[in-house]
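Worksheet for the structure shown next.
The values are calculated or read from the model by the stated rules, or taken from the named source; none is laboratory data. All of these numbers come straight from a predicted model, not from anything done at the bench. With ideal geometry, Cβ positions are generated from the backbone for all residues, glycine too; neighbour counts draw on all protein chains shown. The protein model used for the area step is the full one, side chains on, heavy atoms only, and it has no ligands, DNA or RNA in it. Shrake-Rupley method; radii C 1.70, N 1.55, O 1.52, S 1.80 Å.
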Amino acid sequence: MNGLLCYCRAGFEPELAAELTERAAQTGHTGYARTERGTGYVVFACDSAQALSQASPWRELIFARQKLLLIAELRDLDPRDRIAPMLSALPADVKFGDLFVEHPDSDAAKPLSGLARSFANALRPALRKAGLLSAGERNDLPRLHVCFIAGDQALLAIGEPSDSAPWPLGIPRLRMHADAPSRSALKLEEALLCLLDDDERQRLLQPGMRAADLGAAPGGWTWVLMRNGLHVTAIDNGPLRPHLFDSGLVEHLRADGFAWQPQRPLDWMVCDMVEQPRRVAARMAQWFGEGWCRHAIFNLKLPMKRRWQETVLCLQEFSSQAGKPLLLRARQLYHDREEITVFASLRNPR
Ligand SMILES: C[S@@+](CC[C@H](N)C(=O)[O-])C[C@H]1O[C@@H](n2cnc3c(N)ncnc32)[C@H](O)[C@@H]1O
């Protein structure tokens, strides 16, 4: 079997299918998406899956939490021996550096988490014995993914460590900090983790930088920036949690986030105002067009219908209205519900 296996938020399979279909068409690959709403995954069947995968880097995909190369689909697995058919379905010439046994993030598949855990303990030694898995975890070798769809059905897939999410199910495990003013803090933490690579996080997010947070209350995003040592001007008519001011890094202005502008250019602007996505995209573009910030992370709320089309439209309008060369990445994060989070950064900033 040839294809891509991608995970997504349950309910967003049509958007992911549309995204993969469009990617394939744009890059000259033929294939079709096999999917069912609510399952939390999409298989994109394609003869040139490897080439399509290379043309669709994981960090550039919006609705895929994970992107893998599908190698086999196993049905009617015998619960007394699921291992033998897996071993024989694996390519003999590939040695894996790690094993993830998982299941899609859907209501129907969640009960499979116990099976996934115990099966991983049984499969790991069998793979090592067959010479298919390295003795210790290795990042320079592909990762084997076993994705249980049902107790008797599993998808086998390969994850390229440099081009896939490093977390099981494609979900980073972030813990809510006791000091965080809101759960939204996790969203910005996840955005920084998923939308920037290690090097970008180090270079672009440095103590002493200045940021604005539009729609800041009660202060989760402001808190994340402040903990990274940034000075934050928090814009919101609502109140911020008082302990944010202890650091001396936070200033609160009660103002309209769509009208306020900084007196001098800032390093960062983040925006979590819940508004019409096109209105947000236009205002974000104006920030870049006017040179008010060099980097931004903002949310775009998705409509109930035509969500893929609206996503494409908003991102296109944002890019063209900004009028400057931008690095642009967007993703529906684990902590995003009916929205996506966008990272934009000036190319060759000062
Ligand atoms: C989802 S909450 C933000 C949560 C925040 N990011 C956090 O981490 O705690 C949205 C906020 O946007 C604010 N907001 C909405 N429209 C606004 C506007 N035009 N100007 C300023 N703030 C606005 C609301 O008052 C609300 O506090």
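Can you give the helix-only mean residue ellipticity at 222 nm for the chain, where every DSSP H stretch with n ≥ 4 adds -39500 (n - 2.57) and the sum goes over all residues, rounded to the nearest 500 deg cm²/dmol? Mean residue ellipticity at 222 nm (helix-derived): -9000 deg cm²/dmol. Among the chymotrypsin sites (Phe, Trp or Tyr not before Pro) within region 217-294, those in coil by DSSP and having at most 15 neighbouring Cβ atoms inside 10 Å are 260. If you count Lys pairs in the chain whose Cα atoms are under 27 Å apart, skipping same-chain pairs closer than 8 places in sequence, the total is 13.
Ranking 245, 280, 216 by how far each Cα lies toward the positive end of the dipole of the chain (charges on Cβ) leaves 245 at the top. Convex hull of alpha carbon positions in region 54-178: directionally averaged projected area 9.2 nm². A 1.4 Å probe run over the chain, with the rest of the protein chains in place, finds 45 Å² accessible per residue.
Here the chain is treated with +1 on each Lys and Arg Cβ and -1 on each Asp and Glu Cβ, and its dipole about the Cα centre works out to around 300 debye. Among 322, 89, 165, the residue with the largest mean-square fluctuation in a Gaussian network model of the chain, with springs joining Cα atoms closer than 10 Å, is 89. Using a probe of 1.4 angstrom, how much of the accessible area of the chain is carbon and sulfur, in percent? Taking all protein chains in place, the chain shows 48 percent carbon and sulfur surface.
What the phi angles of region 270-280 give under the Karplus curve with 6.51, -1.76 and 1.60, with θ = phi - 60°, is a coupling list of 10, 8, 10, 6, 8, 8, 3, x, 5, 5, 5 Hz, glycine and proline written as x. Extension gain, residue 135 to residue 309, is 58.0 nm, computed as 0.36 nm per intervening residue step minus the present C-alpha separation. Only beta bridges with both residues in region 3-170 are counted; by DSSP, about 80 percent of them are antiparallel.
Size of region 19-99 from its Cα atoms: along the principal axes, largest to smallest, the extents are 43, 32, 22 Å. Counting only DSSP beta bridges with both residues in region 184-346, the antiparallel share comes to about 40 percent. Looking at region 220-278, the trypsin sites (Lys or Arg not before Pro) that sit in a DSSP loop and have at most 15 other Cβ atoms within 10 Å of their own Cβ are 254. Three principal axis extents describe the C-alpha atoms of region 124-192; from largest down they are 50, 30, 21 Å.
Over 24 Å, how big is the tail of the calculated P(r) for the chain, in percent of all Cα pairs? Of all Cα-Cα pairs in the chain, 59 percent lie more than 24 Å apart. Considering only DSSP beta bridges whose two residues both sit in the chain, what percent are antiparallel, to the nearest 5? Expressed as a percentage, antiparallel bridges in the chain total about 65. Remark: spin-label model distance residue 246-residue 176 equals 1.9 nm, labels positioned 7 Å along the Cα→Cβ axis. The GluC sites (Glu not before Pro) of region 1-62 that DSSP puts in a loop, and whose beta carbon has at most 13 other beta carbons within 10 Å, are 36.
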